[in-house]
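Heads up: the structure comes next, in structure tokens.
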Amino acid sequence: MRKHCRVLVTGAGSGVGQGIHKALRLSRLPLTIVSADIAPLNAALYRGDEAILVPRVEAAGSLEIITEILVREKIDVVMIGSEFDLLFLAEHRALIERRTGALVIAAPIETVRIADDKWLTAEFLRTNGLPYAEARLSSGIEDAVKVANEWGYPVVLKTRRGTSSRHVHIVRDRAMLEECYASTPLPMLQRVIDIPTAELNTEYTCSVFKSLDGRLLGPFAARRTVRGGTSWHVEVARFGELDELMLAIGSAMDFIGSLNVQLMLTEVGPVPFEINARFSGTTAVRAHFGFNEPEMALRNYFYREDIPDPVIRSGVALRYHEEVFVDDVRADELQPGVHKGYVNQWF
């Protein structure tokens, strides 16, 4: 019989955090889900089994406070739902595990740094002989203009760090480049692989899972459209032409648990443009279709069970907005862990 496991999910209010919650709810493992976030106005804090506020990781003394919380709440496993938490928890993973006894599901810090930086991601792919979109760093706007003129418009201007398509621009001429460059932090230029559209076309979100013994499970692959940086329409099917690349990336990169890769399928084959060494925004979609990464992480890394090859079903996921209602309370009175919310069954 498996022991009961208390799982703390950071960034509970984020899309990734909510996806982890949903995937864990699909599991039949004996769990208590402790929702954690930095502010009370986050929906998942009122839908978990328990809830707690935690400090921002960049705040003074946050490491000591977080370790105290993990000990006090008797947390067995930490799952990371916020990209802002990932670098911090990966960097301090060994210390946190030693002080608290909690297992932190985070890749090695070197891998997180590569995945957190789109320039380093492109360089990782290039140096490992894998397909990549050519990228350049520029010393300033004039240098950026030279690169764009060399490649020809359109070009992609993006920040080296960031998620959800923030500070990502398809630049079509010099005037647009000059306008966007000034407001893009840590800018880099990248060749256009393909232009995203509102139709299910050439953009994919994929995943592999690495077990304790280094075995790769998957890959899971889905074609998607993106709205506001989030997968909106998702088609899950057998896209066998992506398997070789996904397994090659998974073999080349040092990580634990889930590795998410976003790519375009072009005339010359699949070309990845982003890697996330963590759970991602489509975690719940993958779990529904049979590739439940939070459950696999618990079964393999916490319970030390062997994981059979997942049976991945096909289908379509259509995203929509939902509300969590907390009745008879003012916003400034909301207390995670005290108030509970509910979801109406609209359909």
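The slack between E64 and H4, meaning 0.36 nm per residue of separation minus the straight C-alpha distance, is 19.0 nm.
The phi torsions of region 91-108, fed into the Karplus equation with coefficients 6.51, -1.76 and 1.60 and a -60° offset, translate into couplings of 5, 9, 4, 4, 5, 4, 5, 5, 6, 10, x, 7, 7, 9, 7, 8, 5, x Hz, rounded to whole numbers, with Gly and Pro shown as x.
Couplings 3J(HN,Hα) of region 110-127, computed from phi: 5, 5, 4, 5, 5, 5, 7, 10, 5, 5, 5, 4, 4, 5, 4, 4, 4, 6 Hz, in residue order, whole Hz [Karplus 6.51 cos²θ - 1.76 cosθ + 1.60, θ = phi - 60°; x for Gly and Pro]. Of the residues A43, P131, P185, the one whose Cα sits farthest toward the positive end of the charge dipole of the chain, with +1 on the Cβ of Lys and Arg and -1 on the Cβ of Asp and Glu, is A43.
Model label sites at R166 and L137, defined 7 Å from Cα along the beta-carbon direction, differ in position by 2.1 nm. Ranking M264, A317, F302 by Cα position along the charge dipole of region 237-347, where only Lys, Arg, Asp and Glu carry charges on their C-beta atoms, puts F302 farthest toward the positive end. The distance separating the Cα centre of region 314-330 from that of region 67-90 comes to 25 Å. Charged side chains reduced to their Cβ positions (Lys and Arg at +1, Asp and Glu at -1) give region 1-117 a dipole of some 660 debye around its Cα centre. Spin-label model, L53/E199: points 7 Å from Cα along the beta carbon direction are separated by 4.9 nm. Ordering V71, V16, L157 by the projection of their Cα atoms onto the charge dipole of the chain, which places +1 on the Cβ of Lys and Arg and -1 on the Cβ of Asp and Glu, puts V71 at the extreme positive end. R304 versus Q335, label points 7 Å from Cα toward the beta carbon: distance in nm? Those two pseudo-labels are separated by 4.1 nm. Over region 213-347, accessible surface divided per residue gives 49 Å², non-protein components excluded, 1.4 Å probe. Per-residue Karplus couplings for region 64-74, computed as 6.51 cos²θ - 1.76 cosθ + 1.60 with θ equal to phi - 60°, are listed in order as 5, 5, 5, 5, 4, 4, 4, 5, 4, 8, 6 Hz, Gly and Pro entered as x.
For the pair region 222-237 / region 254-310, the C-alpha centres are spaced 15 Å from each other. The local environment of S211, defined by Cβ-Cβ distances under 12 Å, has a net charge of -1 under the rule Lys, Arg +1 and Asp, Glu -1. Subtracting the Cα-Cα distance of K146 and D243 from 0.36 nm times their residue separation leaves 31.2 nm of extension gain.
In a simple Cβ point-charge model (Lys, Arg +1; Asp, Glu -1; nothing else charged), the chain has a dipole of about 600 debye relative to its Cα centre.
Each Cα pair under 8 Å and six or more residues apart adds its separation to the average, and for region 37-116 the resulting relative contact order is 24 percent. Of all DSSP beta bridges in the chain, what percent run antiparallel (nearest 5)? Antiparallel bridges: around 70 percent, rounded to the nearest 5.
Annotation: per residue accessible area for region 30-148 equals 44 Å², rounded to a whole number [probe 1.4 Å, protein chains only].
With contacts taken as Cα pairs under 8 Å at a separation of at least 6 residues, the chain carries a relative contact order of 18 percent. The trypsin sites (Lys or Arg not before Pro) of region 221-295 that meet both conditions, a loop assignment by DSSP and at most 16 other Cβ atoms within 10 Å of the site Cβ, are R238. Here's how it looks for R278: its modeled amide H is under 5 Å from those of N260, which are all 5 or more places away or on a different chain. How much net charge surrounds D116 when only other residues with a Cβ under 10 Å from its Cβ are counted (Lys, Arg +1; Asp, Glu -1)? Value of the local net charge: +3. In a fully extended conformation the segment linking D173 and L212 would gain 9.2 nm over its present Cα-Cα distance, using 0.36 nm per residue. If you plug the beta carbon distance of N344 and V192 into 1/(1 + (r/R0)^6) with R0 = 45 Å, you get a FRET efficiency near 0.55. By accessible area, using a 1.4 Å probe on protein heavy atoms only, the chain has 51% of its surface on carbon and sulfur. Positive contributions from Lys and Arg (+1) and negative ones from Asp and Glu (-1), summed over other residues with Cβ under 14 Å from the Cβ of G13, come out at -2. For R6, the residues 5 or more places off, or on other chains, whose built amide H falls under 5 Å of its own are T32, D76, V77. The magnitude of the dipole of region 166-319, with charges of +1 and -1 set on the Cβ of Lys/Arg and Asp/Glu and taken from the Cα centre, is near 380 debye.
The values are calculated or read from the model by the stated rules, or taken from the named source; none is laboratory data. In this text the structure is predicted, and so the values were computed from the model without any measurement. Positions of Cβ are generated from backbone atoms using ideal geometry, with glycine treated the same way; all protein chains shown enter the neighbour counts. All accessible areas refer to the heavy atoms of the entire protein, side chains included, with ligands and DNA or RNA removed. Shrake-Rupley method; radii C 1.70, N 1.55, O 1.52, S 1.80 Å.
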